[in-house]
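See structure below.
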Amino acid sequence: MKKNLLLLFALLSCYSTIIAQNVPQTFFIGAVKINISDNAKEKIQKEMSGSLKNQNYVDKIVGKMYTHLPIVERILAEENVPDELKYICVIESMLDANAVSKSNAVGFWQLKKETALGLYLRVDGVIDERKHLIASTKAASAYFKDHNEKLNNWPACMLAYRLGLTTFKQSDLAEWASKSEITLTGDNKDEDYVIRFIAYRTALDNRYRQIKQEKPDSVPSLLEYNQTKGRNLSDIASELKVSVKDIEQHNAWLSSRSIPDDKDYTLFVPVGGKATTAVIAMNTPQPS
């Protein structure tokens with residue numbers, strides 16, 4: 001209880017500084033330098049003091065970041081995609097696997113079905129890999145890398161992700177392509193996505209780093225369990241000493257209680273502390 005109270009006080013203290021944070025003059029996405037005009041800074045500050053003024057909202061986002069982003073960060077690093085782009089799945093879905101947009105984009109990275117299938121994700125009545133943290137992050141990484149080969153500018157790739165490549169190329173911001181330094185003027189509506197991205201990263205990044213150091217028992221981490229081919233969730237839950245409900249909560253990609261037998265799909269198991277993690281690790285079969 002005392003530890004939880006201390007964590008609450010830390011959250012309150014951190015939250016009181018979020019709105020007061022200074023918007024940077026410059027910002028980097030990959031190796032691309034972004035100069036931020038006064039007008040753009042004002043818009044970023046407005047976003048920070050608007051969407052991020054609710055303490056419960058901020059705490060919920062940071063908790064989900066603690067649970068999900070370590071896996072995202074690892075995949076982005078493996079795929080040589082800038083770490084900063086992890087904030088795209090924060091602003092796209094708030095790290096809700098079941099998020100659905102008005103245009104029927106689904107999952108952590110908000111992918112439409114045709115896009116997902118083009119990126120070799122499985123989307124059918126049993127499995128929707130748009131809701132699978134690893135599979136969808138690998139697919140998003142492939143998308144970003146493909147577009148960066150065409151645009152040679154990570155902020156441009158972000159906007160192509162949001163607008164579509166064709167629409168981006170027809171916009172005034174198409175001039176960003178191949179530039180190592182760009183300026184956010186705040187005058188172009190198409191910049192709003194990057195403005196929101198910078199606002200969220202500026203507001204949340206320090207708190208996220210802090211909670212990763214604290215490792216609170218009250219916020220789950222995700223264990224990746226891979227011995228799943230053809231197995232049912234009840235047997236896996238019994239083996240790992242967790243509930244089927246807990247497994248289902250973190251595996252929205254699977255609509256069945258049995259895992260297909262075509263391959264070992266990674267299952268995410270919530271763990272709530274160092275001791276629990278160690279127990280489950282001991283019960284997890286190691287790859288041969």
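Residues checked against (1) modelled with pLDDT under 95; (2) hydrophobic (A, V, I, L, M, F, W, C); (3) under 16 Å from Pro70 (Cβ atoms):
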| position | (1), (2), (3) |
| --- | --- |
| Glu84 | no, no, yes |
| Val100 | no, yes, no |
| Val106 | no, yes, no |
| Leu119 | no, yes, no |
| Lys145 | no, no, no |
Some residue of the range 203-220 being over 26 Å from Trp253 (Cβ atoms), aliphatic (A, V, I, L, M) and in a loop (DSSP other than H, G, I, E, B): no
In the range 20-58, residue surrounded by the most Cβ atoms within 10 Å (Cβ to Cβ) [restricted to those that are of a type in the set (A, V, I, L, M) and in a helix (DSSP H, G or I)]: Ile44
The one condition in (1) open to solvent by 80 Å² or more (accessible area, probe 1.4 Å); (2) outside any helix (DSSP H, G or I) that Arg162 fails to fulfil: (2)
Qualifying positions in the range 69-108 - open to solvent by less than 20 Å² (accessible area, probe 1.4 Å), out of contact with any helix residue (DSSP H, G or I) (no Cβ under 7 Å at 6 or more places or on another chain) and not in a loop (DSSP other than H, G, I, E, B): Ser93
Selected residue (criterion: farthest from Glu84 (Cα to Cα)) from residues of the range 109-154 that are free of Cβ contacts under 8 Å to residues at least 60 places away in the same chain and open to solvent by less than 10 Å² (accessible area, probe 1.4 Å): Ala116
Hits in the range 172-192 - residues which are in contact (Cβ under 8 Å) with a residue 12 or more places away in the chain and either of a type in the set (Asp, Glu) or open to solvent by less than 20 Å² (accessible area, probe 1.4 Å) (or both): Asp172, Leu173, Trp176, Glu181, Ile182, Leu184, Gly186, Asp187, Asp190, Glu191, Asp192
Matching entry among Lys60, Lys33, Lys53 (being basic (Lys, Arg) and modelled with pLDDT under 85): Lys53
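On the given criteria, is Ile71 modelled with pLDDT of 95 or more and either on the phi > 0 side of the Ramachandran plot or touching a Phe, Trp or Tyr at 6+ places or on another chain (Cβ under 6 Å) (or both)?
no
The values are calculated or read from the model by the stated rules, or taken from the named source; none is laboratory data. Just so it is clear, the model here is predicted, and its values are computed rather than measured. Cβ sites come from the backbone with ideal geometry, for glycine too, and all protein chains shown count toward neighbours. Accessible surface is based on the protein model in full, side chains and every heavy atom, while ligands, DNA and RNA are left aside. Shrake-Rupley method; radii C 1.70, N 1.55, O 1.52, S 1.80 Å.
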